Amino acid sequence: MKLRFLSGIVICLVILVYLFYNYYYSVNFPYQDDFLLIQFIEVVSQGGLGVSGLITELFRTFNDHKAVVPRLISLIEYTLTGHLNFRFYITLVSINITYIFYFIYLQYKKTRLPLYYFIPAAFLYFQPLYYDVSGWALNGMQHSFLTAFTVTAIILASRRTNLALYGAMLCCFLATFTHGNGILSFPAIIFYFLCFRDFKRAIISGVFMILCLVIYLAGYESGQAVNLPKDLVVFFSSLFGFIGSAMSLWAFPVFFSAVWGAIIIAFMVYIVWRVAAIYFNKPVNIKPGTVELLTLFAFIFITSTVIALFRSWAGSTIASRFQIYASLSTVIFYILLLDYTSIFRRKAVFYSITALSIFYCVYSYYKFTGTVAIKRTTYLADVYNWKTNRNMFSVEKTIIRNGSFYLIPGYEKGFFHLPKPIVERNQLDSMLNANGKAARDYQLYVEDWKLERMIRDGVEHLTYYFVASNALPERKGLAGDRFMVLRDQKTGVIHLMNANPKVDARKEILTKGHYYKTGFNTLFRQDDLVPGTYDMGILDISNRGEKVFYKLDKSLFVSGSQYSLK
């Protein structure tokens, strides 16, 4: 009993650290597809839609998806509070992610193994590999609600009653109108019933799937990201890599992800073959919870196949916004290995796996915290930029221009509601004026990166610029935020941008405890700033709101096509 209690404490602590981490790094600011919710509420707020008009707006296609459930959540919040809170949506995502893990635990519980064997599952699952799910409001709601509806459908289907079947079909319907991949929850449930030769319920599920698909295709518009793969190597690399991309933390991520995915799929095929013995009139020795876990994996596999089929033309499908499925695949693989192979229950093997899972979790936090912190600082800066200049740097300028017809009215009406900026314009102006000249040489430099981005019609060539220093200001701590302050010498307009430094070497982190390097690093797209000359400064703001300002010794010259120092 004592060991079970301690195991429960460890698992809960892992979960709490993950929840606190995501809440700390979240900001009530929309990013990219989040604008969809603002656009929807802007249309609704004008009134006069009626029931049919509201339904049309709820079911409108955007980028291949009919995000009805996220839109409905935003509408409920708008009705209750009068505004949208994107940090609240991220909190909902964290709740969903925890619920999905609870489903995994329910199936593990059926194995009757001690709870301490479940500890590695928590370390493998609750880590920031899929930060684009846990920290991006609309994307997170789509993937987490979709998966939450799917596992609920599996729970209901496992009850094998007619009422529960219709409840499962409702969950699959909701999954479909949360994210485009949600329609694939129906084949997963059909797979579940076929595992028990329950053809009647499988056929009923198929009929519901066809009806749901007809509704989905009404008014459907194909997105720009959809295309067929160029060759089978890319397709299978994406297919296996999607499932195995929990291994993308290491060197050669595409290769090792594909290998890991192939291993997981091979083992799942073996388990499915054991389940399929029922079709050959052979004894079936399937342990409780196996079919439920297989069904969730079947959903992941079918999803992986569809995504690889339509998106691998642009390269590997390894991306943070999909990697919650990779984490789930690895956890399911681990639990089934425990259940079906005695070697993984040996103490020496279990201790090794536990140590590796802890290392994996810690390494994931090490690798992605810098990226997650950049996102937080960028959004905090854009709270100031939008309130002061009606501008933002978290997305490309074309997105802002295309969305201005609803972003600006939405903000003026108050439902695109933002928190108080962490600094005011007059404070930044005073800081720049009070520091007429820099006190030292900051060893500034500009670095340009030539990038190629695959688009449907070919390749788009981009140039990104980094204004940085690896010498000064002094090293910042793990918490808090570092910003770049820019003031146009001609107009006096002041912008705020992320300036978090690069992450230090692993050796430095282990021996000296320094996560960040000294200095700063700020990314600019070619059209981020209007042509002109800008005074520059670095602003550090601690979690307690304490501010330290450094005036830089050079100005930034923007020609419209490149950046340079003067």
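The values are calculated or read from the model by the stated rules, or taken from the named source; none is laboratory data. All figures in this text were calculated on a predicted structure; none of them were measured in a lab. All Cβ positions, glycine included, derive from the backbone under ideal geometry; neighbour counts span all protein chains shown. Keep in mind that these areas ignore ligands, DNA and RNA; they rest on the heavy atoms of the full protein, side chains included. Shrake-Rupley method; radii C 1.70, N 1.55, O 1.52, S 1.80 Å.
Structure notes:
- C-alpha center-to-center spacing [segment 92-110, segment 360-426] in angstrom: 31
- Student exercise, the chain dipole from Lys, Arg, Asp, Glu Cβ charges, in Debye to nearest 20: 1740
- Each peptide in 115-125, 255-265 was scored by the mean count of other Cβ atoms within 10 Å over its residues; highest first, the order is 115-125, 255-265.
- Those GluC sites (Glu not before Pro) in segment 454-533 that DSSP places in a loop and that have at most 11 other beta carbons within 10 Å: 474
- Accessible-area composition of segment 264-303, carbon plus sulfur, in percent [1.4 Å probe]: 70
- Gain on full stretching of the segment that runs from residue 453 to residue 199 - 0.36 nm per residue minus C-alpha separation: 86.8 nm
- The mean accessible area for residues of the chain, using a 1.4 Å probe and ignoring ligands and nucleic acids, is 44 Å² per residue.
- Listed residues 523, 533, 501: farthest to the positive end of the dipole of segment 495-561 (Cβ charges): 501
- Take every pair of alpha-carbon atoms less than 8 Å apart whose residues are at least six positions apart; their mean separation over the length of the chain yields a relative contact order of 14 percent.
- Judged by the mean number of other Cβ atoms found within 10 Å, the most tightly packed of the peptides 295-306, 162-173 leads the ranking 295-306, 162-173.
- Only the Cβ atoms of Lys and Arg (+1) and of Asp and Glu (-1) were treated as charged; on that basis the dipole of segment 106-213 about its Cα centre amounts to roughly 560 debye.
- Label sites at residue 305 and residue 544, each approximated as a point 7 angstrom past Cα along Cα to Cβ, lie 5.8 nm apart.
- Acute angle (nearest 10 degrees) that the helix 232-244 long axis makes with the longest principal axis of the chain, alpha-carbon atoms: 90
- Considering only 108, 360, 154, the residue lying farthest towards the positive end of the dipole of the chain is 108, judged by Cα position with unit charges set on Cβ.
- Using a simple spin-label model with pseudo-atoms 7 Å out from Cα toward Cβ, residue 530 and residue 507 lie 4.8 nm apart.
- Of the cross-linked pairs 387/547; 397/450; 66/420; 367/387; 387/490; 517/554, those separated by over 23 Å at the C-alpha level are 66/420; 367/387.
- Estimated distance in nm for a label pair at residue 417 and residue 24, the labels positioned 7 Å out from Cα along Cα-to-Cβ: 2.7
- Each Cα pair of segment 378-434 feeds into the Kirkwood radius, which the Stokes-Einstein equation turns, at 4 °C and 1.567 mPa s, into a diffusion coefficient of 105 µm²/s.
- Computed [θ] at 222 nm, helices only, for the chain once each DSSP H run of length n ≥ 4 contributes -39500 (n - 2.57): -18500 deg cm²/dmol
- When the charge dipole of segment 57-208 is built from unit charges on Cβ atoms (+1 for Lys and Arg, -1 for Asp and Glu) and taken about the Cα centre, the candidate among 187, 95, 134 whose Cα reaches farthest toward its positive end is 187.
- Percentage of interatomic Cα-Cα distances in segment 382-524 larger than 25 Å: 44
- Note on exposure: 361, 12 ranked by accessible area (1.4 Å probe, complete protein assembly) read 12, 361, with the most exposed listed first.
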